[in-house]
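Novice: Sharing a structure with you now.
Taken together, the values in this text are just the output of simple stated rules run on the coordinates, not laboratory data. What you are looking at is a predicted structure, and each value in this text was computed from that prediction instead of being measured. FYI the Cβ positions are ideal-geometry reconstructions off the backbone, even for glycines, and counts take in every protein chain you see.
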Amino acid sequence: MRITCPICGERDRREFYYKSAAVALERPDPEAGDGVWNDYLHLRENPAGVTRELWYHETGCSAWLVVTRNTVSHEILDAVLASEARA
Amino acid sequence: MVELVAKSAGDGLLPVTIGKLSLTEEVPTALTSLMPFKGGAAALEAALGAGLPGPGESGAAAGGRVLWFGQNQYMLVGGAAEGLGDAAAVTDQSDAWVVVRLEGEGCEDVLARLVPLDLRPQVFAEGRTARTELMHMMSSVTRVGPQAFMIMVFRSMAATLVHDLKTAMQGVTARR
């Protein structure tokens, strides 16, 4: 499996560290209420198909990426900088 | 008073020569990491008297070699870092890394056993640099000659680096 880092180009999966679904980019308001925070902290989709995840280019440029991946085929569809995905 | 003896990171480990391949330690006069402040890239370039290298590139600056070293990070190898502090966060890392030079025919074959990157000269020409993984270690690999690489890992991993490179050098030499 290879991921195309927006900074470094196509790199081997070994250089990256996986950090679950990309929900951390949509942190709720502190006053949003227990229900919203419970969902944010604990509830995750488990799709058989396309999913958005956070990956860290650990031994490369140290950028956090939002990677769009198909969990069925392991195909990497897209990788963008998390700092830009959030803006 | 205790007399402390300065030791380089590769002291007692290097040099190593196997077949046509040699591995030697390089001890730069200084290693300085440069991280330009927000919007400070132009000011840093002015202070360095040279352009900052793009991702995967390196160049001469301030009497040394400046490597692209990750997102918004540069490493000045050798050279003088005076007067850069207004434009960038400047950190002395001279004793934090071990720097080795792998040289000789087949040096790409040695690294092909350790690094998940295509380092052949047609792809990774002289002056190209990469932050990558070398046997699970964070590393910096730069081509410094037609048959030579400069490799850096954290100082604490010097013995592991030499061990892994030596094993790969033996493997490549044995298959000639």
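Novice: Go through the residues of segment A:39-52 one by one and say whether even a single one is facing chain B (nearest Cβ under 10 Å) and assigned to a strand (DSSP E or B).
Specialist: no
Novice: Still on this model: Does segment B:94-115 hold any residues that are surrounded by fewer than 17 Cβ atoms within 10 Å (Cβ to Cβ) and closer than 26 Å to residue B:52 by Cβ, and which are they?
Specialist: Matches in segment B:94-115: B:94, B:95, B:96.
Novice: Here is a follow-up. Scan segment B:118-132 residue by residue and report those that are within 12 Å of chain A (Cβ to nearest Cβ) and surrounded by fewer than 21 Cβ atoms within 10 Å (Cβ to Cβ).
Specialist: B:118, B:123, B:124, B:128, listed by residue number.
Novice: Oh, and also: Counting just the residues of segment A:5-38 that are assigned to a strand (DSSP E or B) and within 14 Å of another protein chain (Cβ to nearest Cβ), which one comes out surrounded by the most Cβ atoms within 10 Å (Cβ to Cβ)?
Specialist: First, pick out the residues of segment A:5-38 that are assigned to a strand (DSSP E or B): A:5, A:9-12, A:17-21.
Applying the additional criterion that residues be within 14 Å of another protein chain (Cβ to nearest Cβ) yields A:5, A:9-12, A:17.
Working: A:5: 22, A:9: 13, A:10: 12, A:11: 24, A:12: 16, A:17: 12.
Filtering first and then ranking leaves A:11.
Novice: Taking segment A:51-66, which residues are in contact (Cβ under 8 Å) with a residue 40 or more places away in the chain and either more than 12 Å from the chain's Cα centre (by Cα) or surrounded by fewer than 17 Cβ atoms within 10 Å (Cβ to Cβ) (or both)?
Specialist: A:56, A:58, A:59, A:60, A:61, listed by residue number.
Novice: Which of the following residues is of a type in the set (A, V, I, L, M, F, W, C), within 15 Å of the chain's Cα centre (by Cα), buried (at least 16 other Cβ atoms within 10 Å of the Cβ) and within 11 Å of chain A (Cβ to nearest Cβ): B:157, B:138, B:152?
Specialist: It is B:138.
Novice: Continuing with the same structure: List the strands (runs of 3 or more DSSP E) inside segment B:11-74, counting only whole elements, that have at least 3 residues being surrounded by 19 or more Cβ atoms within 10 Å (Cβ to Cβ) and either touching a Cys at 6+ places or on another chain (Cβ under 8 Å) or not aromatic (Phe, Trp, Tyr) (or both).
Specialist: Once the strands (runs of 3 or more DSSP E) in segment B:11-74 are filtered for at least 3 residues that are surrounded by 19 or more Cβ atoms within 10 Å (Cβ to Cβ) and either touching a Cys at 6+ places or on another chain (Cβ under 8 Å) or not aromatic (Phe, Trp, Tyr) (or both), what remains is B:31-36, B:64-68.
Novice: I've got another one for you. Taking the criterion of being over 12 Å from the mean Cα position of the chain (by Cα) and either within 14 Å of chain B (Cβ to nearest Cβ) or in a helix (DSSP H, G or I) (or both), would at least one residue in segment A:67-80 satisfy it?
Specialist: No, every residue in segment A:67-80 fails to be over 12 Å from the mean Cα position of the chain (by Cα) and either within 14 Å of chain B (Cβ to nearest Cβ) or in a helix (DSSP H, G or I) (or both).
Novice: Follow-up question, since we're still on this one. Being of a type in the set (A, V, I, L, M, F, W, C) and in a helix (DSSP H, G or I) is the filter here, so list the residues in segment B:147-176 that pass it.
Specialist: Within segment B:147-176, B:157, B:158, B:159, B:161, B:162, B:165, B:168, B:169, B:172, B:174 meet the criteria.
Novice: Now for a different question. Can you find a residue that is under 13 Å from the mean Cα position of the chain (by Cα) and either at negative phi or of a type outside the set (Gly, Ala, Ser) (or both) anywhere in segment B:108-116?
Specialist: For segment B:108-116, residues under 13 Å from the mean Cα position of the chain (by Cα) and either at negative phi or of a type outside the set (Gly, Ala, Ser) (or both): absent.
Novice: Something else: Only one of (1) more than 14 Å from chain B (Cβ to nearest Cβ); (2) assigned to a loop (DSSP other than H, G, I, E, B); (3) touching a strand residue (DSSP E or B) at 6+ places or on another chain (Cβ under 6 Å) fails for residue A:59. Which number is that?
Specialist: Failed condition: (1).
Novice: Can you tell me which residue in segment A:68-87 is surrounded by the most Cβ atoms within 10 Å (Cβ to Cβ), limited to those that are of a type in the set (A, V, I, L, M) and in contact (Cβ under 8 Å) with a residue 40 or more places away in the chain?
Specialist: A:79
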